[in-house]
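*Asks:* Handing you a structure now.
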Amino acid sequence: MQLFKYIDRINLMDSLIRQGRTGTQAEFANRLGLSVSRLARIIEYMKEIGAPLEYDRKRNTYYYEKDYSIQIRVDIQQLDNNQIRSISAGSFYFSNNTFNAFFKH
């Protein structure tokens, strides 16, 4: 599923930045399986939303200027019938073997 691929990529990106192991923009894009232009757009977006992201030319790595972290976690759990009935995020879907994913941030 594409969603999990994106979540893994974001978590890897954050980890590499926090460790100061991104390499150049081209190396970083390659590690993430992205084009350089796509990575540049993501970095610009991160800065726009307040990520203190900078690039150190001497060490050839991106880093956070101050404590910052991105954490995306997915919890998958089986719900009982009462929980399924109480969900009001659109149409109700009911099945005895339904697994639902809740995204926490």
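The values are calculated or read from the model by the stated rules, or taken from the named source; none is laboratory data. Just so you know, these numbers come straight off a predicted model, no measurement behind them. FYI the Cβ positions are ideal-geometry reconstructions off the backbone, even for glycines, and counts take in every protein chain you see. To get the accessible areas, we keep the full protein, side chains included, count just its heavy atoms, and leave off ligands, DNA and RNA. Shrake-Rupley method; radii C 1.70, N 1.55, O 1.52, S 1.80 Å.
*Asks:* Could you please let me know if Asn30 is polar (S, T, N, Q) and farther than 16 Å from Ile70 by Cβ?
*Replies:* For Asn30, the condition - polar (S, T, N, Q) and farther than 16 Å from Ile70 by Cβ - is met.
*Asks:* State all residues of the range 1-22 that are under 15 Å from Ile70 (Cα atoms), in contact with a strand residue (DSSP E or B) (Cβ under 8 Å, 6 or more places away or on another chain) and of a type in the set (Lys, Arg); if no residue qualifies, say none.
*Replies:* Answer for the range 1-22, where residues must be under 15 Å from Ile70 (Cα atoms), in contact with a strand residue (DSSP E or B) (Cβ under 8 Å, 6 or more places away or on another chain) and of a type in the set (Lys, Arg): just Arg18.
Yes/no per residue for (1) touching a helix residue (DSSP H, G or I) at 6+ places or on another chain (Cβ under 6 Å); (2) modelled with pLDDT under 90; (3) over 24 Å from Gln2 (Cβ atoms):
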position: Arg18; (1), (2), (3): no, no, yes
position: Arg31; (1), (2), (3): no, no, no
position: Ser37; (1), (2), (3): no, no, no
position: Ala40; (1), (2), (3): no, no, no
position: Ile43; (1), (2), (3): no, no, no
position: Glu48; (1), (2), (3): no, no, no
position: Lys66; (1), (2), (3): no, no, yes
position: Val74; (1), (2), (3): no, yes, no
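*Asks:* Also: Every residue in the range 57-90 that is free of Cβ contacts under 8 Å to residues at least 24 places away in the same chain and acidic (Asp, Glu), please.
*Replies:* Glu65, Asp67, Asp80 - these are the residues of the range 57-90 that are free of Cβ contacts under 8 Å to residues at least 24 places away in the same chain and acidic (Asp, Glu).
*Asks:* In this structure, is Ile84 under 19 Å from Arg9 (Cβ atoms) and not polar (S, T, N, Q)?
*Replies:* So Ile84 fails the test.
*Asks:* Okay, moving on. With respect to Lys5, is the statement that it is out of contact with any Cys (no Cβ under 9 Å at 6 or more places or on another chain), at pLDDT below 90 and of a type in the set (D, E, K, R) true?
*Replies:* yes
*Asks:* Counting residues that are among the aromatic types (Phe, Trp, Tyr) and open to solvent by less than 100 Å² (accessible area, probe 1.4 Å), which strands (runs of 3 or more DSSP E) fully inside the range 1-86 reach at least 3?
*Replies:* 61-64
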